[in-house]
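Shown next, in structure tokens, is the structure this report addresses.
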Amino acid sequence: MDTPYGSASLPVWERPEPQPRAAAVTLSRARIADTAILLADEHGLDGLSVRKIAKELGVGPMRLYDYVATMSELLDLMVDAVYAEIAEVDPPVVWRDAVLHIVHRTREAALAHEWFADLLGARPHLGPHALAVGEATAAALSRAPAVHSVNDLQRSLGALNAFMVGALRREVTERRTARATGTDVSAWQAAQGPYLTRMLATGRYPTVARLVVGGTHLDAGETFHHNLTTIVDGVTA
């Protein structure tokens, strides 16, 4: 098959939709992806399967393979649908505000679709909406005063993405752990308080003691914003 990529098959975003069948249920890649997203939001990626998606849509599993050849293609469609949510609101004009806006939008998407955080930082996301978000981020960072070359831009993007992926995965993991164990953070801290007080009283951990006693305990959103601005200002200074 001749394609823009030679003999390789077209990526899922560029393949035409299959011809509609004379069937009771009309399908499209967008509908399949939306259904898969709802299932993944509720059950996680481990609970996602072609059979479950087909059942939710009221069709046989084999019909889905007309639209997506593999689970990887389905994940690509799901991820790009989330990037479409991120791109729904145009970023501000000022470069720094634009970068903060895009990263905060990404965090909101990851908290709404926790499975999305599992797929960040793996292979590149090349869907049209992912590329649009990547373009907006790179274009904003390229306007920073200290970013003079492509190498500067690559390093800045690398540092920003490393922070974002790590921070989002940690936050999502903490949320999942709290749900799975039924742990209330305040109750856990109160339970560990006497032990930690005894350990800090030994004087062997003075810097940890400073952090525990004098540190400001911000919520997750405030902490994310503070660390994000520190990274952005640091890599573009």
* Asked: Given the conditions (1) without any contact (Cβ under 8 Å) to a residue 60 or more places away in the chain; (2) surrounded by 16 or more Cβ atoms within 10 Å (Cβ to Cβ), which single one is not true for residue 205?
  -> (2)
* **Residues that are surrounded by 14 or more Cβ atoms within 10 Å (Cβ to Cβ) and in a helix (DSSP H, G or I), drawn from segment 18-30** => 29
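Out of contact with any Asp or Glu (no Cβ under 8 Å at 6 or more places or on another chain), at pLDDT below 95 and part of a helix (DSSP H, G or I): is that true of residue 62 in this structure?
Details: out of contact with any Asp or Glu (no Cβ under 8 Å at 6 or more places or on another chain): yes; at pLDDT below 95: yes; part of a helix (DSSP H, G or I): yes.
In short, yes.
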* **Scan of segment 194-237 for residues that are hydrophobic (A, V, I, L, M, F, W, C), out of contact with any helix residue (DSSP H, G or I) (no Cβ under 9 Å at 6 or more places or on another chain) and not in a helix (DSSP H, G or I), ordered by number** => 237
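Any chance segment 176-189 includes a residue that's in a helix (DSSP H, G or I), at pLDDT 95 or above, assigned by TED's automatic domain parsing to the domain that holds residue 89 and surrounded by fewer than 17 Cβ atoms within 10 Å (Cβ to Cβ)? Quick ask: steps written out before the conclusion?
Keep residues of segment 176-189 that are in a helix (DSSP H, G or I), which gives 176-181, 185-189.
Keeping just the survivors that are at pLDDT 95 or above gives none.
For segment 176-189, residues in a helix (DSSP H, G or I), at pLDDT 95 or above, assigned by TED's automatic domain parsing to the domain that holds residue 89 and surrounded by fewer than 17 Cβ atoms within 10 Å (Cβ to Cβ): absent.
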* To do: Those residues that are in contact with a Pro (Cβ under 9 Å, 6 or more places away or on another chain), of a type in the set (S, T, N, Q) and buried (at least 18 other Cβ atoms within 10 Å of the Cβ), I need them from segment 33-70; list them, please.
  => none
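Yes or no, residue by residue, for (1) out of contact with any Leu (no Cβ under 7 Å at 6 or more places or on another chain); (2) outside the structural domain of residue 13 (by TED's automatic domain parsing); (3) charged (D, E, K, R):
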{"site": "89", "(1), (2), (3)": "yes, yes, no"}
{"site": "94", "(1), (2), (3)": "yes, yes, no"}
{"site": "103", "(1), (2), (3)": "no, yes, no"}
{"site": "107", "(1), (2), (3)": "no, yes, yes"}
{"site": "118", "(1), (2), (3)": "no, yes, yes"}
* To do: Taking the options 155, 204, name whichever one is more than 26 Å from the chain's Cα centre (by Cα), basic (Lys, Arg) and either farther than 30 Å from residue 44 by Cβ or outside the structural domain of residue 92 (by TED's automatic domain parsing) (or both).
  => 204
* Hand me the list of helices (runs of 4 or more DSSP H) wholly inside segment 71-149 holding 1 or more residues that are in contact with a Pro (Cβ under 9 Å, 6 or more places away or on another chain) and farther than 30 Å from residue 52 by Cβ. => 95-112, 128-142
* **Single condition residue 173 does not satisfy, out of (1) of a type in the set (S, T, N, Q); (2) buried (at least 17 other Cβ atoms within 10 Å of the Cβ); (3) under 28 Å from residue 77 (Cβ atoms)** => (2)
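The values are calculated or read from the model by the stated rules, or taken from the named source; none is laboratory data. Being a predicted model, the structure only gives us computed values, none of them experimental. All Cβ positions, even for glycine, are placed from backbone atoms using ideal geometry, and neighbour counts span all protein chains on display.
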